[in-house]
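The structure under discussion appears below in the form of C-alpha cells.
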Amino acid sequence: MSEEIFKVIIAGCTDTGLRRNHNEDHIGFNQDLGIAVLADGMGGHQAGEIASHMAVESVLENLQSVADGENSRSITGSQLLEYVSNTISYSNSKIFQAAEALDEHKGMGTTLVAAIVQGSQIYAGHVGDSRLYLFRDTSLKRITKDHSLVQDLVDRGFYTEEEARMASVGHIVTRALGTKAEVEVDTIQHDLADGDLLLLCSDGLSDMVADWLIEETLRERGAELAKTASKLIELANRNGGKDNISVILVQVQEVST
C-alpha cells in the first residue's frame, strides 16, 4: 500500500431507539488503522444480535490483520478490495453455519458495511441496506446502493428516491449475511480529499432522517465527532425512533509528508 497521507478520526454510537426492546445493531472501529464496521442484525430469539456481533468482530479482526501486517505496504488497491470482499464472504459463512447449527438461530442474518482508509483511498464492502455516505465540502453523497426491495423498485422506475421514502412497501432486504451459504458482496474504491467525512449508518438513521437533514447536521457540526454522531441519533429518535440506530463518522485530514 502507499504511504498513509491522512490522519483518521473515528467516532461512533448505537442506540436501541424508541420502539425496540433490545439493540440488534453492532459497531466496531479501529481509529489507528482507519477501519470502521457496522451491522444491523435480523432474526428472532435475539439471533439478529448474535449475527451482527459475529459479523462486526470477524470483519474487524480480519481487516486489522491485513492493515497491520508486514505485507500491508506491498498489497495493491485491487488486492485490498478483493480482501475486503473475501473477509465479508468469510463472515457470511461463519454466520450461516452458526444459524444452521441451532434451531433458534435459523434464519438469522445481518446487513454489513465496512470501510478501511489506506493512503488517499477508501476501500469498502457492503451487503444489505446499511449505508456509506461521503460528505465533502458541504455536500452529502451516498456511495453505496441498498440491497432492498425498495431500491429494486426505484431502479426499475416505479418510484423516485423521494417517493420510495414515503411508500408503504415492506422493508425487505434482498441480500444479507448469514441467510445463504454464499453472498454477493458489493465493493467500492473511492478517492479521498482533505476534510472528507465518511458516514456509515444503519437504516434506523436513513429511514428516520432525510439525507438533506443529515447533510445539514454534518455541515453544522462542531469539532467533536462524537457529539455529531449523538446528534444524528437524537434526530432519528425525535422522528420516531422506529428501529435501532447506529452511526460511525470517519474524518480524514491530510498530513504533511
Looking only at Val56, Val37, Val154, which one moves most when the chain is put into a Gaussian network model with springs between Cα atoms under 10 Å? Val154
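Quick check on my link table: of Lys180/Lys242; Lys94/Lys231; Lys180/Lys231, which ones sit more than 30 Å apart, alpha carbon to alpha carbon?
On the way: Lys180/Lys242 27 Å; Lys94/Lys231 34 Å; Lys180/Lys231 36 Å.
The answer is Lys94/Lys231; Lys180/Lys231.
Per residue Cα convex hull volume for region 209-248, in cubic angstrom?
On the way: hull volume 2.5 nm³, N = 40.
Once divided by residue count, the hull of region 209-248 is 62 Å³.
If each residue of separation counts as 0.36 nm, what is the full-extension length gain between Asn21 and Glu182 once their alpha-carbon separation is subtracted? Kindly include the intermediate steps, with their values, before the conclusion.
Working: separation 161, 0.36 × 161 = 57.96 nm, distance 3.08 nm.
Answer, rounded to one decimal: 54.9 nm.
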Work out the FRET efficiency for Asn86 and Arg142 from their Cβ-Cβ distance, taking R0 = 25 Å, and round it to the nearest 0.05. 0.55
Given the -39500 (n - 2.57) contribution per DSSP H run of 4+ residues, what per-residue ellipticity at 222 nm results for the chain, rounded to the nearest 500 deg cm²/dmol? -10500 deg cm²/dmol
Treating the Cα atoms of region 148-188 as identical point scatterers in vacuum, please give the log10 of the normalised Debye intensity I(q)/I(0) at q = 0.24, 0.32, 0.33 Å⁻¹, two decimals. -0.83, -1.06, -1.09
Lys/Arg Cβ at +1, Asp/Glu Cβ at -1, dipole of region 6-253 taken about the Cα centre: which of Leu225, Ile245, His171 is farthest positive-ward? Leu225
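Volume per residue, Å³, of the convex hull around the alpha-carbon atoms of region 166-257? Walk me through the numbers before you get to the answer.
Numbers: hull volume 14.3 nm³, N = 92.
Taking only Cα atoms, region 166-257 has a hull volume of 156 Å³ per residue.
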Using alpha carbon positions and the Kirkwood radius, the Rg to Rh ratio of region 74-163 is 1.06
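Could you pull out every whole DSSP H run in the chain that spans at least 18 Å of Cα extent along its own axis and averages 0.0 or higher on the Kyte-Doolittle scale? List each step's numbers first, then the result.
Details: long enough: 47-67 (30 Å, 0.49); 77-101 (36 Å, -0.14); 225-238 (20 Å, 0.04).
Result, helices passing both filters: 47-67, 225-238.
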Sort 222-228, 24-30, 145-151 by packing, meaning the average of other beta carbons within 10 Å per residue, with the highest value first. 24-30, 145-151, 222-228
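Can you tell me what the convex hull of the Cα atoms of region 110-213 projects to on average, as an area in nm²? Before the final figure, lay out the partial values.
Working: hull surface 29.2 nm².
Across all orientations, region 110-213 yields a mean hull projection of 7.3 nm².
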Give, to the nearest whole percent, the P(r) tail of region 1-92 beyond 20 angstrom, counting all Cα pairs. 43
Per 10 angstrom bin, beginning at 0 and ending with the bin that holds the maximum distance, the Cα pairs of the chain fall in percents of 8, 32, 37, 20, 4, 0
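Values quoted throughout were computed directly from the atomic coordinates according to the rules given, and no laboratory measurement underlies them. Fair warning: this is a prediction, and the values are worked out from it, not measured in the lab. Glycine gets a Cβ as well: all are built from the backbone with ideal geometry, and neighbour counts include every protein chain shown.
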